[in-house]
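**Student:** Below is one structure. I have some questions about it.
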Amino acid sequence: MDKELMKQVAGQEAVKYIKDGMTVGLGTGSTVKYLLDALGKRVAKEGLRIIGVPTSNRSAKRARDLGIDVKSIDDVDHIDLTVDGADQIDENFQGIKGGGVAHLREKIVAINSKKNIWIVDKTKMAKNLGSFPLPLEVTPYGSTHLFKRLDDMGYQPQFRTNAKGGHVLTHADNYIIDLKMHSIEHPHELEQILNNLTGIVEHGLFLDMVNTVIVGNENGSKTYQAR
Ligand SMILES: O=C(CO)[C@H](O)[C@H](O)COP(=O)(O)O
């Protein structure tokens, strides 16, 4: 089965967790696109009434185009469930996110959700985190000094750039620095270090956050209860 099909089956499985009347956080990325397609069909066919809370302008547009009602996080009083993708998930169900530049909003939505589901294809599962570069959203102001500090700490930083060589900008017009660490042995320790570095708006370590992981594979999908 190819990767797109594995993403699709994970998205289609996740949509079963969404019930009438729920307020649902809508993640970002190519896997979430399949969730949105499946959700849009349920809204159209079954008249499912949900409010979507998108984590990116891309997901907001796609949801609206599919007839899904969307609201900003600040216009809802709770979020029942969030379904999002992930860039890498380790054997303890800790994750890296932010490959799609949306991890600040994704983390805000995730921590304000009663439940979190991640949907991935099987290539995202790993023993340890780190072979996927860890994204940091950083303030442009002082970012060259922060970069040097991260380099001195041995974290192998790299500014994320676009095709024209300019900085990739986040929703908040911040920059992204990716840490090419290859292996993250102690994610909680790294989290503490990054939390204490001024200039990092948010990092892409999502620890102890996900409840359910749905992994698309050759045979369909497998669901894990993480916590
Ligand atoms: O964190 C993210 C965006 O910031 C995405 O959830 C992550 O990059 C997964 O995307 P995809 O499903 O396209 O692989």
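Since every read-out is calculated from the coordinates, none of them should be taken as a lab result. Bear in mind that the values here come from a model prediction, so they are computed numbers and not experimental data. Glycine gets a Cβ as well: all are built from the backbone with ideal geometry, and neighbour counts include every protein chain shown.
**Student:** Report D for region 12-112 in µm² per second (integer): Stokes-Einstein, Kirkwood Rh on Cα pairs, 4 °C, 1.567 mPa s. Present the calculation step by step, with values, prior to reporting the outcome.
**Tutor:** Numbers: Rh = 13.5 Å.
Approximately 96 µm²/s, per Stokes-Einstein.
**Student:** Could you please rank Val76, Val210, Val15, placing first whichever residue has the fewest other Cβ atoms within 10 Å of its Cβ? Mind dumping the intermediate values first?
**Tutor:** On the way: Val76 16, Val210 23, Val15 20.
Placing the least packed residue first, the sequence is Val76, Val15, Val210.
**Student:** Quote the relative contact order of region 18-145 in percent (integer), defining contacts as alpha-carbon pairs under 8 Å separated by 6+ residues.
**Tutor:** Values: 223 pairs, mean separation 34.4, N = 128.
Dividing the mean separation by the residue count of region 18-145 yields 27 percent.
**Student:** Also, quick follow-up: Taking the Cα centre of region 87-150 as the origin, how large is its charge dipole in debye, to the nearest 20, when only Lys and Arg (+1) and Asp and Glu (-1) carry charge on their Cβ atoms?
**Tutor:** On the way: 10 positive and 6 negative charges, 27 e Å.
With Lys and Arg at +1 and Asp and Glu at -1, about 140 debye.
**Student:** Which ordering of Asp152, Asp37 is given by a fewest-first count of other beta-carbon atoms within 10 Å? Please list the in-between numbers first.
**Tutor:** Values: Asp152 9, Asp37 15.
Ranked by crowding around the Cβ, least crowded first: Asp152, Asp37.
**Student:** Quick check on my link table: of Lys19/Lys122; Lys97/Lys180; Lys16/Lys45, which ones sit more than 22 Å apart, alpha carbon to alpha carbon?
**Tutor:** Checking Cα-Cα distances, Lys19/Lys122 exceed 22 Å.
**Student:** When averaged across all projection directions, what area in nm² does the alpha-carbon convex hull of region 134-203 cover? Show your work: numbers first, answer last.
**Tutor:** Numbers: hull surface 18.9 nm².
So the Cα hull casts an average projection of 4.7 nm².
**Student:** Here's another thing I want to ask about it. Test of understanding: ordering Ser143, Ser59, Ser113, Ser72 by Cβ neighbours within 10 Å, fewest first, what list do you get? Write down the numbers at each step before the final one.
**Tutor:** On the way: Ser143 20, Ser59 28, Ser113 23, Ser72 9.
Going from sparsest to densest Cβ surroundings: Ser72, Ser143, Ser113, Ser59.
**Student:** Determine one quarter of the surface area of the Cα convex hull of the chain, which equals its mean projected area, and express it in nm² to one decimal. Walk me through the intermediate numbers first.
**Tutor:** Values: hull surface 50.2 nm².
For the chain, the mean projected area of the Cα convex hull comes to 12.6 nm².
**Student:** From the Cα trace of region 67-150, what convex hull volume per residue do you get, rounded to a whole Å³?
**Tutor:** Working: hull volume 11.9 nm³, N = 84.
Dividing the Cα hull volume of region 67-150 by its residues yields 142 Å³.
**Student:** Suppose every K and R has +1 on its Cβ and every D and E has -1 on its Cβ; what is the size of the dipole of region 158-227 about the Cα centre, in Debye to the nearest 20?
**Tutor:** Numbers: 5 positive and 8 negative charges, 49 e Å.
Dipole about the Cα centre, nearest 20: 240 debye.
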